[in-house]
Ligand code: 1GP
């Protein structure tokens, strides 16, 4: 799939499509061939997008991981980088995120400046995405590594105000992130408050491990539900269960 910049938003959020399940693959947790196997099974189960990235990646096989997944699936393979080193020519596009909930310039604009020339050179389609970290119980890797405070989980209008700022700044999507393996997913009332105040597609992830949790996020207005840890722990079978529950909404 060759996605042009202008159409990445449409490819990821097809008009009038039901809420989609996106798989998050973390190259730090599995070797490339295992990631490719999980991606293949997840695509068969109904996952619509393969995100690849992580807030902390210690091994150096990022490019190989993206290549291995891209060779096996027909869905878009989209980078979801934790920093400017997580780039690959083999991806179809990139969530060009800015950690807008934080006040750390490194993740607001610093990493983006490092990455931009490489993204342009590789010709990657980019979706400018506001990344909002939401308080979710215990400290997550995203919170620790980014050295930012998440938005308090019982302040939905604070999240909505960040999303409104993202929209006014010209961003094309909002990602509400509880953090990988979060104790508590993003609260429904917060998703609802964000969705009601902007017209951008909203992605929700972190700590979603059951069809019920995915349904709650989708009912609140999320267009994409991201699942990673539950598949690492329980296998790709959970994908099909969640996808079926989303279709029934
Ligand atoms: C993390 O939102 C994603 O960036 C997915 O989180 O690993 O908890 O599913 P989980």
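Since every read-out is calculated from the coordinates, none of them should be taken as a lab result. Owing to the predicted nature of the structure, the values given are computational and were not obtained by experimental measurement. Positions of Cβ are generated from backbone atoms using ideal geometry, with glycine treated the same way; all protein chains shown enter the neighbour counts.
For the pair residue 249 and residue 7, label points projected 7 Å from Cα toward Cβ lie 2.5 nm apart. Classify region 1-104 as rounded, prolate or oblate from the Cα gyration tensor: take a ≥ b ≥ c as the square roots of its eigenvalues, call it rounded if a/c is under 1.5, otherwise prolate when a/b beats b/c and oblate if not. In terms of gyration-tensor shape, oblate. Which of rounded, prolate, oblate describes region 101-192, given a ≥ b ≥ c as roots of the alpha-carbon gyration tensor eigenvalues and a/c under 1.5 marking rounded, otherwise prolate only if a/b is larger than b/c? The shape class here is prolate.
Based on alpha-carbon atoms only, what is the radius of gyration of the chain relative to the globular estimate 2.2 N^0.38 Å?
Output field value: 0.91.
In this calculation the C-beta distance from residue 30 to residue 141 is compared with R0 = 22 Å, giving a FRET efficiency of 0.85. In the elastic network of the chain, a GNM with C-alpha springs shorter than 10 Å, the most mobile of 169, 24, 184 is 169. With the chain treated as a Gaussian network of Cα nodes joined by springs under 10 Å, which of 65, 130, 165 yields the largest mean-square fluctuation? Looking only at 65, 130, 165, the biggest GNM fluctuation is shown by 165. Annotation for region 137-203 versus region 10-44: alpha-carbon center distance of 21 Å. Kirkwood Rh over alpha-carbon pairs of region 169-249, then Stokes-Einstein at 4 °C and 1.567 mPa s: what D in µm² s⁻¹, rounded to an integer? In µm²/s, the coefficient rounds to 101.
Using a Gaussian network for the chain with springs between C-alpha atoms less than 10 Å apart, which of these wobbles most: 116, 193, 173? Looking only at 116, 193, 173, the largest GNM fluctuation is found for 116.
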